[in-house]
Amino acid sequence: MSVISYRQALHDALREEMLRDDEVFLIGEEIGVFEGSYKITAGMLAEFGPRRVRDTPIAEEGFTGAAIGAAMVGLRPVVEIMTINFSLLALDQIVNHAAKIYGMFGGQARVPLVIRTPGGGGQQLGATHSQNIELYYAFVPGMKVVAPSTPADAKALLLAAIRDDDPVLVLENLALYNTTGDVPDDLEPAEIGRARISREGADITVVSYSRMATVALRAAEQLAAEGIDVEVIDLRSLRPLDRPTIIASVRKTGCAVILEDDWLTYGIGAEIAATISDGAFDWLDAPVRRVAMAEVPMPYAKSLEAAALPSLEDAVNAIRETLDAVALRR
């Protein structure tokens, strides 16, 4: 077991897979000579050479399309898009090609493609560089979308994504890169589509992913001091979504709060709430509450940015209010 950063865990996963399989290669802007905007690919060009670490022009649609073609003929490209905001420039390639080729070609071609991209606010990067738009991709059949919150999951899910025969988007949150945690030295690939109960509890279920999964755990620890027993589900995978784990937990606790680092309207949280309504409605003792960011383009000013993002206090308050509603009904 080693204690390493989220950033290092991603680096180690890439390196291990490149050593294991010669068909794996990296492609993206500034990932070689500059070693990546976030240094995930540090040392890769020196170790593996320019054939397998491909610096590209600033042309997301072009290099994503090239990676899709490479995947169709048997290679396993890992695309780095500098932020998820820039993935919008490659939306046609991802949605209309990567996600659909297997079905449109009747299974004659697969697209074992990985797209790694960070998102999230809190870094004062402005409205066009601070979005969580993973919903765009989780909405699309044919895509898989994973969102690790810990270094161990970052490594295990990236290993799984590279070995998967379908296109997988790996969502990384900028605020998590420097976080640290235990990572087993013999870590195996995770199962895409399987959530993790990161804290067992009996009083209320909190469902979250990515950065908000870490906030959920902090909220649970704070409330434990008050005698409130919170169960925390870290989704890890947004498509496929582990509905059975969510439903089983809410049936046990009787109430739920959903935390997400995105706009409330039409968000991932809405799908989770619908899942709970479909599978655990008769077990609910209070309405499902959702905590998300303000419905505004992300402000640049630090104070306004902090006000727009969902906070630990927001999570704690939502949990308390839900349990108060439960108490009134009982």
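Estimated from helices alone, the mean residue ellipticity of the chain at 222 nm is -10500 deg cm²/dmol (sum of -39500 (n - 2.57) over DSSP H runs with n ≥ 4, per residue). What the phi angles of the stretch 20-33 give under the Karplus curve with 6.51, -1.76 and 1.60, with θ = phi - 60°, is a coupling list of 6, 9, 5, 7, 7, 9, 10, 8, x, 7, 6, 7, x, 4 Hz, glycine and proline written as x. Evaluating 6.51 cos²θ - 1.76 cosθ + 1.60 at θ = phi - 60° for every residue in the stretch 179-186, the Karplus couplings come out as 6, 10, x, 6, 10, x, 5, 10 Hz, glycine and proline recorded as x.
Computed over the stretch 237-303, relative contact order equals 42 percent, with contacts defined as Cα pairs under 8 Å that lie 6+ residues apart.
The coefficient of translational diffusion for the chain, derived via Stokes-Einstein from the alpha carbon Kirkwood radius under 25 °C and 0.890 mPa s, stands at 121 µm²/s. Amide H contacts of Ala256: Thr205, Arg289, each under 5 Å away and 5 or more positions distant or on a separate chain (H built 1.01 Å from N in the peptide plane; Pro and chain starts excluded). Using a probe of 1.4 Å, the accessible surface attributed to Arg110 totals some 80 Å² when neighbouring protein chains are kept in position. Charge dipole (Cα centre; +1 on Lys/Arg Cβ, -1 on Asp/Glu Cβ; no other charges) of the chain amounts to roughly 300 debye. Angle between the Cα long axis of helix 60-72 and the longest principal axis of the chain, 0 to 90 degrees, nearest 10? Taking Cα atoms only, the helix is inclined about 80 degrees. Considered as an equivalent ellipsoid built on the Cα gyration tensor, the stretch 27-169 has semi-axes of 22, 19, 15 Å, the largest given first. How high is the relative contact order of the stretch 99-176, in percent, counting Cα pairs under 8 Å that sit 6 or more residues apart? Rounded, it is 43 percent for the stretch 99-176. Candidates Val326, Ser277, Ala306 compared by Cα position along the dipole of the stretch 211-330: farthest toward the positive end lies Ser277, with charges placed on Cβ.
Around the amide H of Asn173, modelled in the peptide plane, lie the amide H atoms of Gly119, all under 5 Å away and 5 or more residues distant in sequence or on another chain.
Annotation: amide H-H contacts under 5 Å for Ile115 (H modelled 1.01 Å from N, sequence separation of 5 or more, or interchain): Val79, Val168, Leu169, Val170. Note on Val3 and Leu91: the model spin-label points, each 7 Å out from Cα along the C-beta direction, lie 4.3 nm apart.
In the full protein context, the stretch 75-218 carries 35 Å² of accessible surface per residue, based on a 1.4 Å probe and ignoring ligands, DNA and RNA. Listed peptides 31-43, 2-14 appear in the order 2-14, 31-43 once ranked by packing, highest mean of other Cβ atoms within 10 Å at the front. Sorted largest first by accessible area at a 1.4 angstrom probe radius, with every protein chain in place, the residues Tyr137, Tyr102, Tyr300 fall in the order Tyr300, Tyr102, Tyr137. In the stretch 252-328, the C-alpha radius of gyration followed by the widest Cα-Cα span (Dmax) gives 13.9, 44 angstrom. Calculated on C-alpha atoms, the gyration radius of the stretch 134-279 divided by its Kirkwood radius gives an Rg/Rh of 0.95. With θ taken as phi - 60° and the Karplus curve 6.51 cos²θ - 1.76 cosθ + 1.60 applied, the whole-hertz 3J(HN,Hα) list for the stretch 221-229 is 5, 5, 6, 4, 5, 9, x, 9, 9 Hz, x standing for glycine and proline.
Using +1 on the beta carbon of Lys and Arg, -1 on that of Asp and Glu, and nothing else charged, what's the dipole of the stretch 127-167 about the Cα centre, debye to 20?
Approximately 100 debye in magnitude.
Spin-label model, Ser37 to Thr265: label points 7 Å out along the Cα-to-beta-carbon direction sit 2.7 nm apart.
Calculated on the alpha-carbon coordinates, the convex hull of the stretch 102-183 measures out at 86 cubic angstrom per residue.
Ordered from highest to lowest accessible area with the whole protein assembly present and a 1.4 Å probe, Phe63, Phe281 read as Phe281, Phe63. The charge dipole of the stretch 254-330, taken about its Cα centre with unit charges on the Cβ of Lys, Arg, Asp and Glu (plus for the first two, minus for the last two), comes to roughly 240 debye.
The values are calculated or read from the model by the stated rules, or taken from the named source; none is laboratory data. On a predicted model such as this, the values are computed, not experimentally measured, just so you know. Every residue, glycine as well, gets a Cβ built from its backbone with ideal geometry; the counts of neighbours run over all protein chains shown. Areas reflect the complete protein model, heavy atoms only, side chains present, ligands, DNA and RNA absent. Shrake-Rupley method; radii C 1.70, N 1.55, O 1.52, S 1.80 Å.
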